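Presented below is the structure to which this report refers.
The values are calculated or read from the model by the stated rules, or taken from the named source; none is laboratory data. Only a predicted model underlies this, so the values are computations on that prediction, with no experimental measurement involved. Here the Cβ positions follow ideal geometry from the backbone for every residue, glycine too, while neighbour counts run over all protein chains shown.
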Amino acid sequence: MRPVASRWIVRALVSCSLTVGLAASGAAQSLAVDRQRGLQMLDQIREDLVEHYYDPGFHGLDLEALVDRARQRIGQAQSLGEIFGLLAGVCLDLKDSHTIFLPPQRVQDVHYGWSWRYVGDRALVDSIEDGGDAREHGLRVGDTVLDVAGYPLTRATERVVRYLLTSLRPQPQLVVTAERDGARRTVTIPSRIRKRRARIDLDNELDRHAAEMQEAMAYAERPRPKQEWLAPGVLYWRLTDFYDDPATVKKSGEKLRRASRVVLDLRDNPGGSAGVLLHVAGLFAPPGTPVVRIVARGTESTLVTEDVGVPFTGTVAVLVDARSGSSAEILARLLQLRGARVIGDRTVGAVLKARLLKHAAGDGDIKVLYAVIVANSDVFVPDGSRLEGVGVQPDVVALPTPDDLEKGLDPVLVQAASSFGVTIDSQRAGRLSRQ
């Protein structure tokens, strides 16, 4: 998937106000104050890009012209949502996967109760919460989603649509056009809206503890890695992200070294720490093996595998999909270059190194917190190629059908196991990969 923002999406960002309130200071602020804060944020975004963006030429774009145009339009903006859309547009115009404006926290949290994923060239509903309005209004897992809230979905635009609906323009309801077996229908699905505290003081011990508990709960709910034997000598390893500490990675290698063949499942893996990537890569390649070349302004370095013991020398099958990103893509490509067979769908193509920059805007004691993520380094894999906007092309394209998603089946894992001479039931495969 090429992570670009179509001009119609950028226009949508700046032409519509938010339909739910966004926190400023907990009290309603005048439009003049919102504009002033918007201009402060714009100046900070410009400064962050000038100082940190990996391409000082900004891919041939005239950054100053972009900023000046946004400044003029912020001065005429009629809503806070329009202001945030203009700020987001400056980052989106750079057309990379990692540079993004993160607006202040909303006063209200919007929860849609369902989600989609890309499978090949189709956006398919992949989850619906029990008891939610989506199921009641006729949406089914496996339905093809054609557009959401008036925005057509393609692999080139769907990440921007997600950003718009979750961060910039959350909706009290979503109008969804879906298709199943040639029958097209449009449904309106109400969102669940939960009020947040308008203001959190991180200098206050109770507020700080609440914030820490919320972060811990989010961590606990994330999918967990899994290792299970499919047959004697054939290991299934689901690696859900690259955030575990090196000791946990090393422990994962204990089972790996007892295997002769391994199915490494990197589907739904968004990436994570480069340090963890180097430890995981060290389980499959000798110490000092080049993994990625990092190119920043005037500097260049090559990251190599860590020494975590004798590397695995058996046969590897790597599973990827349209949600495999960043470090997961790098590892998949590294193993592919070393002879592993990659099975599944083309990966997301979101492979840049980035930096999170936190800021506050406003005057006096009342400020709003926001952040900017800036891509500060380009990334190249060992064969010299660049995965950003391209992704990893599997050796074998294998995709679940809409019915597979609805029934919880996993024919892709079945196919990978079959390549090792192992027969497993598609339902068992689905339980392994999804639970």
query = Hey, does the stretch 371-389 have a residue that's in contact (Cβ under 8 Å) with a residue 12 or more places away in the chain, basic (K, R) and over 30 Å from S167 (Cα atoms)?
reply = no
task = Please go through the stretch 145-172 and pick out each residue that is of a type in the set (K, R) and under 17 Å from the mean Cα position of the chain (by Cα).
result = R155, R159, R162
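Give the residue, chosen from V280, V234, that is touching a residue at least 40 places away in the same chain (Cβ under 8 Å) and within 26 Å of the chain's Cα centre (by Cα).
Values: V234 fails: within 26 Å of the chain's Cα centre (by Cα).
Just a single option satisfies the conditions, and that option is V280.
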Flag if D378 is in contact with a Ser or Thr (Cβ under 8 Å, 6 or more places away or on another chain) and at pLDDT 95 or above = no
Out of L405, L409, L399, sole residue that is outside any helix (DSSP H, G or I), touching a residue at least 24 places away in the same chain (Cβ under 8 Å) and under 21 Å from R140 (Cβ atoms) = L399
inquiry  = Among the residues of the stretch 105-113, are any assigned to a strand (DSSP E or B), of a type in the set (V, I, T) and under 27 Å from E329 (Cα atoms)?
reply    = no
ask   = Residues L278, L235: which one is under 21 Å from A317 (Cα atoms), in a strand (DSSP E or B) and in the same structural domain as A332 (by TED's automatic domain parsing)?
value = L235
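Of the residues R159, R155, which is modelled with pLDDT under 90 and either crowded, with 19+ Cβ neighbours inside 10 Å or basic (K, R) (or both)?
Values: R155 fails: modelled with pLDDT under 90.
It is R159.
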ask   = Here is a list of conditions, (1) part of a loop (DSSP other than H, G, I, E, B); (2) under 19 Å from the mean Cα position of the chain (by Cα); (3) modelled with pLDDT of 95 or more; (4) buried (at least 17 other Cβ atoms within 10 Å of the Cβ), and Q393 meets all of them except one; can you say which number that is?
value = (4)
task = Residues that are surrounded by 18 or more Cβ atoms within 10 Å (Cβ to Cβ), in contact with a strand residue (DSSP E or B) (Cβ under 7 Å, 6 or more places away or on another chain) and at pLDDT 95 or above: find the strands (runs of 3 or more DSSP E) completely inside the stretch 303-373 holding 3 or more of those.
result = 315-320, 341-344
ask   = modelled with pLDDT under 95, surrounded by fewer than 22 Cβ atoms within 10 Å (Cβ to Cβ) and either under 30 Å from E47 (Cα atoms) or not assigned by TED's automatic domain parsing to the domain that holds D345 (or both), is that true of D133?
value = yes
inquiry  = Suppose we keep only residues that are charged (D, E, K, R) and over 27 Å from the mean Cα position of the chain (by Cα) within the stretch 253-277. Which one would you say is surrounded by the most Cβ atoms within 10 Å (Cβ to Cβ)?
reply    = R261
query = Considering the stretch 242-270 alone, what residues qualify as being modelled with pLDDT of 95 or more, in contact with a strand residue (DSSP E or B) (Cβ under 6 Å, 6 or more places away or on another chain) and assigned to a loop (DSSP other than H, G, I, E, B)?
reply = A259, L266, R267
message = For the stretch 1-84, give me every one of the helices (runs of 4 or more DSSP H) that falls completely inside it and has 2 or more residues that are at pLDDT 95 or above and buried (at least 17 other Cβ atoms within 10 Å of the Cβ).
response = 31-52, 63-74
